[in-house]
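What follows draws every value from the coordinates through simple rules; no lab data is involved. Predicted model, so just to flag it, every value in this text is computed and none were measured. Neighbour counts run over all protein chains shown; Cβ positions are idealised from the backbone, glycine included.
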There are 2 protein chains.
Amino acid sequence: MPYTYEFPRPCLTVDCVVFGLDEQEKLKVMLIKRNLPPYKGEWALPGGFVRMSESLEAAARRELQEETGIENLFLEQLYTFGEVDRDPRDRVVTVAYYALVNLWEHRIYATTDASDAAWFPVSEMPPLAFDHSKIVQMALARLKGKVRYEPIGFELLPKKFTLSQLQKLYETILEKKLDKRNFRKKILSMNLLIKLNEVQTNVAHRAARLYQFDEQKYLQLKEKGFNFEI
Amino acid sequence: MPYTYEFPRPCLTVDCVVFGLDEQEKLKVMLIKRNLPPYKGEWALPGGFVRMSESLEAAARRELQEETGIENLFLEQLYTFGEVDRDPRDRVVTVAYYALVNLWEHRIYATTDASDAAWFPVSEMPPLAFDHSKIVQMALARLKGKVRYEPIGFELLPKKFTLSQLQKLYETILEKKLDKRNFRKKILSMNLLIKLNEVQTNVAHRAARLYQFDEQKYLQLKEKGFNFEI
DNA sequence: TCAAAAGTGTTTTATATACACCCATGT
DNA sequence: ACATGGGTGTATATAAAACACTTTTGA
């Protein structure tokens, strides 16, 4: 660099709120047990320092890859937290992201960076390090708001899913019951679901039809001013 | 500090997209002509470096105060821009905010920090320094989205306004014509406007009734689950 | 044959849209 | 008296909400 600016600089990190759905379609968040101070031994969001040679989103993806092994997941910037005392050691500003991961088709592992990783239901979160509880709260609010007018819920389901799975996903995130017939009427009327010639397997009752989200069609319709809405 | 983290640190700045409405209810953005390199002599968003002792929002408010003299305005975080090469001199991450200012009741001045400040209609923006054009585009999109489901438009109007002014504000921001009777029906049915016993002055036609936004009532209703929507 | 979830329409209610004329005021 | 924007109501169309029974399948 030919020149640098003469100002004191805060540390800059990224933190990720990774959401996943378990088999019972409970919404969970991935946490990491810290093996370094501060807050050693406490649960925290996966994240780390931004390197000088990578963008913020690249830093978030790298940390997720390192700590969980997940690549190519839905990732979106949430908010930047910059209270002066949010880290007891130094001034640290963190750019928070939230991610959605399909737990049916991907496995998550804990790596050397982190002593332990685990999934916690959003209703049973342990106390978190730093201001991470606040970050999770904001991510939940964002997810709840966004899932209604962008088709991001599909990121949490397997590629092929049943309408009941999809409905339960919305019920979980929106925290309210939906009417089965009205839900199906609405989602099918958008013509964004491809009805497959396949059904569920290994269920102890009538097997449900499988569907797939038609992303191509959604992108086309969006161009023409279509708005997804549940 | 007893300890600091050993990582290279990007510079951290804040930038503000300040929106105002002129007398014709045209939407404008405040720009500053840079008197220091890089991009010396070019137009840019007001902003500057975050100090170690202040939060991000405090930094944004301080810069606005210094560069425009405005205090107590609506200010909300927009997005954080962290591409590696967005500043030619050094790695600079910027937290962008957008602000809404009532130009009817406040004056804006340019100060010593900035050689010049001016308002530009959003449809006639000059080329901007750094990635500031992108930031303005995102702020416009945010404003357009948010004005429909949060009562933030009032921030751009004088405390006492006419329904026609309010309607024109929405037409300007949403970039589409609205039906007068339907608009009035909808906005009045929310019972969030206080009908004053006053009318416009100095107009060459029938003077319109003045209204005032009832923020107290809005906050109460919001608690109970009410959603503002235009 | 029983349990468990899949699948399917119609009626009612609420909300959004379309639409045109008279009124009050200042020049 | 005229130009300018202020102010008002109804009918239609569309979308949301409420609501219950039959079907299929595996255990």
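General observations
- Placing pseudo-labels 7 Å out from each Cα toward the beta carbon at B:Asn182 and B:Lys224 gives an inter-label distance of 2.8 nm.
- Label point 7 Å beyond Cα along the C-beta direction, distances from A:Pro127 to other copies (nm, shortest first): 5.6
- Beta bridge orientation in the range A:11-146: antiparallel %, DSSP, nearest 5: 65
- FRET efficiency for the pair B:Asp90 and B:Tyr5, taken as 1/(1 + (r/R0)^6) with r the Cβ-Cβ distance and R0 = 30 Å, rounds to 0.95.
- Charge dipole of the protein assembly as shown about the Cα centre (unit charges at C-beta), most positive-ward option of A:Leu157, A:Met30, A:Leu192: A:Leu192
- Peptide-level mean, for A:80-86, of C-beta atoms on other protein chains within 10 Å: 6
- With label points defined 7 Å past Cα in the direction of Cβ, position B:Glu57 shows copy-to-copy spacings of 2.7 nm, given to one decimal and shortest first.
- Legend: residue pairs A:Lys40/A:Lys144; A:Lys146/A:Lys222; A:Lys144/A:Lys180; A:Lys222/B:Lys177, Cα-Cα distance threshold 24 Å; pairs beyond threshold, A:Lys40/A:Lys144.
- Measuring nothing but how far apart in sequence close Cα pairs (under 8 Å, 6+ apart) lie, relative to its length, the range A:9-50 scores a relative contact order of 44 percent.
- In percent, rounded to a whole number, the relative contact order of the range A:2-98 is 34, using alpha-carbon pairs under 8 Å and six or more apart.
- In chain A, Rg over Rh equals 1.02, where Rg is the alpha-carbon radius of gyration and Rh the Kirkwood radius from pairwise Cα distances.
- Leading residue at positive end of dipole, chain B (Cβ point charges), from B:Asn227, B:Leu64, B:Phe81: B:Asn227
- Placing +1 on each Lys and Arg Cβ and -1 on each Asp and Glu Cβ, with no other charges, gives chain A a dipole about its Cα centre of roughly 1200 debye.
- Shielding by partners, peptide A:40-50 (average Cβ within 10 angstrom, other chains): 1
- Computed magnitude of the charge dipole of the protein assembly as shown (debye, nearest 20; Cβ of K, R +1, Cβ of D, E -1): 2380
- Inter-site label distance for B:Ala207 and A:Gln216 at 7 Å from Cα along Cβ, in nm: 6.5
- Exam field: B:Asn182 pseudo-label spacings to other copies (7 Å along Cα-Cβ), nanometres: 2.3
- The local environment of A:Gly47, defined by Cβ-Cβ distances under 10 Å, has a net charge of -3 under the rule Lys, Arg +1 and Asp, Glu -1.
- Gyration tensor (alpha-carbon) shape descriptor, the range A:11-146, a/c threshold 1.5: rounded
- Leading residue at positive end of dipole, the protein assembly as shown (Cβ point charges), from A:Ala44, A:Cys11, A:His205: A:His205
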